[in-house]
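A.B. asks: Sending over a structure as structure tokens; questions will come in a sec.
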Amino acid sequence: MKRLLFLILIVSLFQSCGVRTLETSVSERLSKFAKIDVLGIDKYDFLSEYGDPESKDLEEIEGVLKEDLYYMENIRGMFVLTKVSFLNSKLTSIKTNKIRSFNNLPSNILEEIDKDVNQLKNEG
């Protein structure tokens, strides 16, 4: 009887760990922009929530300011470049422009790329 209780306890512990690992791995695979489902957000509210971009394009067309902000994320070995567009400081679109897999590169190169991206973020 003690063996059965011990076995049930061990199985329960492993099951709870498995669920936790699954939840963590799913959240690690999502872009930080995946939860945005509303357009029209003010640019300054967006920047306070998601931080400064790696780069941006500015253009004025007939008195309307168009801004494209570019964010790069490393999601489990995949580099995701997201373009966030604003017209007159209001969010108009979010697009994933490029997804590139660097899984076949040595891990030290991936770490260097990630470090460079973080350094760019901190400089801006």
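The values are calculated or read from the model by the stated rules, or taken from the named source; none is laboratory data. Please read these numbers as outputs of a predicted model, since none were measured by experiment. Protein only, heavy atoms only, side chains kept; ligands, DNA and RNA dropped before computing areas. Shrake-Rupley method; radii C 1.70, N 1.55, O 1.52, S 1.80 Å.
A.B. asks: Counting only the heavy atoms of the protein chains, how much of E49 is accessible to a 1.4 Å probe, in Å² to the nearest 10?
C.D. replies: 110 Å²
A.B. asks: Rank these residues by their accessible area, most exposed first, probe 1.4 Å: L69, L58.
C.D. replies: If we order L69, L58 from most to least accessible, we get L58, L69.
A.B. asks: Distance cut-off 20 Å, Cα to Cα: go down the list K56/K83; K43/K115; K90/K115; K32/K115; K66/K90; K32/K56 and report the pairs above it.
C.D. replies: K43/K115; K90/K115
A.B. asks: Still on this structure, please answer the following. Could you go through the stretch 59-72 in sequence order and give the Karplus-derived ³J(HN,Hα) for each residue, using 6.51 cos²θ - 1.76 cosθ + 1.60 with θ = phi - 60°, rounded to whole Hz, and x for Gly and Pro?
C.D. replies: Once rounded to whole Hz, the list reads 8, 10, 10, 6, x, 9, 7, 10, 10, 10, 9, 10, 10, 10.
A.B. asks: On a 1.4 Å probe surface of the protein chains, which of V64, V84 comes out largest in accessible area, and what is the full order?
C.D. replies: Largest accessible area first, the list is V64, V84.
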